[in-house]
1. Just to verify a result, which residue in region 61-78, among those that are among the aliphatic types (A, V, I, L, M) and either touching a residue at least 60 places away in the same chain (Cβ under 8 Å) or surrounded by fewer than 21 Cβ atoms within 10 Å (Cβ to Cβ) (or both), is nearest to ALA157 (Cα to Cα)?
2. Mind listing whichever residues of region 29-60 are crowded, with 18+ Cβ neighbours inside 10 Å and either outside the structural domain of LEU164 (by TED's automatic domain parsing) or of a type in the set (Val, Ile, Thr) (or both)?
3. Please give the number of the condition VAL160 fails out of (1) within 16 Å of the ligand (Cβ to nearest atom); (2) surrounded by 22 or more Cβ atoms within 10 Å (Cβ to Cβ); (3) not assigned by TED's automatic domain parsing to the domain that holds ALA42.
4. Among all residue pairs at least 6 apart or on different chains, which show Cβ distances below 8 Å where the first residue, located in region 31-53, is in contact (Cβ under 8 Å) with a residue 40 or more places away in the chain and the second is of a type in the set (Lys, Arg)?
5. Is region 36-54 home to any residue that is in a loop (DSSP other than H, G, I, E, B), within 16 Å of the ligand (Cβ to nearest atom) and closer than 23 Å to LEU187 by Cα?
6. How about region 36-66: which of its residues are over 17 Å from the mean Cα position of the chain (by Cα) and of a type in the set (A, V, I, L, M)?
7. Strands (runs of 3 or more DSSP E) wholly in region 224-283 with at least 1 residues that are under 19 Å from PHE173 (Cα atoms) and among the charged types (D, E, K, R) - which ones?
8. Name the pairs: first residue in region 188-210 and assigned to a loop (DSSP other than H, G, I, E, B), second residue surrounded by 10 or more Cβ atoms within 10 Å (Cβ to Cβ) and among the basic types (Lys, Arg), Cβ to Cβ under 9 Å, at least 6 apart or on different chains?
Amino acid sequence: MDAAHNAPEPRYWEKIRTVADTLRELEGPIIVVSHVDPDGDAIGSSLGLFRALQALDKKVTWIADPPRFLRFLVREDEYSDPIQHVPEGATLVVLDSAEPSRVAGAPVEGFVINIDHHGTNPRFGYLSVVDPSKAATAQIVKDLIDALGVTWTPEIATPVLTGLITDTGNFRFANTTPEVLHTAAELVGYGVQLAELTDRLQWRPVGYFKAMGAVLSTVGFHFGGLLVTAHMPPGINEEDSDDFVGIIRYAEGSQIAVFLREREEGVKISIRSRGGVSAQAVAVKLGGGGHVPAAGATLRGLTLEEAYPRVLAVVEEELRRAGYL
Ligand SMILES: [Mn+2]
């Protein structure tokens, strides 16, 4: 693990209190947003904070486009459409977004509060709590909701726990600290239906299973099996795509897994690594970012055929650096 990127936020609790005091005293509207291609932590942390601020009778709007597999968490009337400008006097709370360009639904302008756990976050915004030692932004939101003094309900605890569950790979990744498990226990104590939630989080559309078959037919092994790759064949519905990198990463002997999908803007890649190999280092060299074991990038303007050799070259460098080649 890259210690520098996992250093805790200095004065964490002081910053949590400052953000809580600021939010509590705000009279103007609050807009809560997260990142493009929202995952369980983006939706969970932002929905949890939105509901907590509603409980405080704040004028709060949640701008989001929840993906199909998370829509069961959300009521139809809870999320709003993107805006072009942040209204005068409004506060923009940005969650789980490693950089301003990743923010979805609103421009990063005006009074911005940035809450995140990505080490690469440039600490934008007027106030920020960026703690890379936290497993999920949802963990920070849990502490913030406590500091706000909001009474926990199952409706607030369920999305927050969802962020913890998804960003720790169901409490299986190395970021599953005692703190994560204590927090999860606390949230379950607030009335989350855990078995129902984890079951529901695994549901996939029927088309997903066909997509998985097509994806698995593209699996490739490189550098003696140290790298495993796969891509999305053309004609697969985006709604049926999923965490395929999370499946191929279990190829025995692999230290790094890369999944590629062609999109309008270029080729989007998801990277997972273990054993001293840094997915983050690979992603950064390809213009992206993320965490040491899980990262991603978009190779703008490239086709799938052009992206593969680029990915292989950068992964080879990383495998050399880590001493595998
Ligand atoms: Mn996250």
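1. Taking region 61-78 first, the residues among the aliphatic types (A, V, I, L, M) are 63-64, 70, 73-74.
Adding the requirement that they be either touching a residue at least 60 places away in the same chain (Cβ under 8 Å) or surrounded by fewer than 21 Cβ atoms within 10 Å (Cβ to Cβ) (or both) leaves 63, 70, 73-74.
On the way: ILE63: 20, LEU70: 15, LEU73: 11, VAL74: 13 Å.
That would be LEU73.
2. ILE30, ILE31, VAL32, VAL33, ILE43, VAL60
3. Checking VAL160 against (1) within 16 Å of the ligand (Cβ to nearest atom); (2) surrounded by 22 or more Cβ atoms within 10 Å (Cβ to Cβ); (3) not assigned by TED's automatic domain parsing to the domain that holds ALA42, the one that fails is (3).
4. HIS35/ARG102; VAL36/ARG102; GLY48/LYS142
5. In the first step, residues of region 36-54 are kept if they are in a loop (DSSP other than H, G, I, E, B); the result is 36-39.
Next, from what is left, pick out any that are within 16 Å of the ligand (Cβ to nearest atom): 36-39.
Then keep just the ones that are closer than 23 Å to LEU187 by Cα; that gives 38-39.
Within region 36-54, one or more residues are in a loop (DSSP other than H, G, I, E, B), within 16 Å of the ligand (Cβ to nearest atom) and closer than 23 Å to LEU187 by Cα.
6. Correct list: ALA52, LEU53, ALA55, LEU56, VAL60.
7. Details: elements: 227-231, 256-263, 266-273.
In region 224-283, 266-273 are the strands (runs of 3 or more DSSP E) which contain 1 or more residues that are under 19 Å from PHE173 (Cα atoms) and among the charged types (D, E, K, R).
8. PRO205/ARG68
The values are calculated or read from the model by the stated rules, or taken from the named source; none is laboratory data. Note that this is a predicted model, so its numbers are computed, not measured. Please note: Cβ atoms are built from the backbone with ideal geometry, for glycine as well, and neighbour counts cover all protein chains shown.
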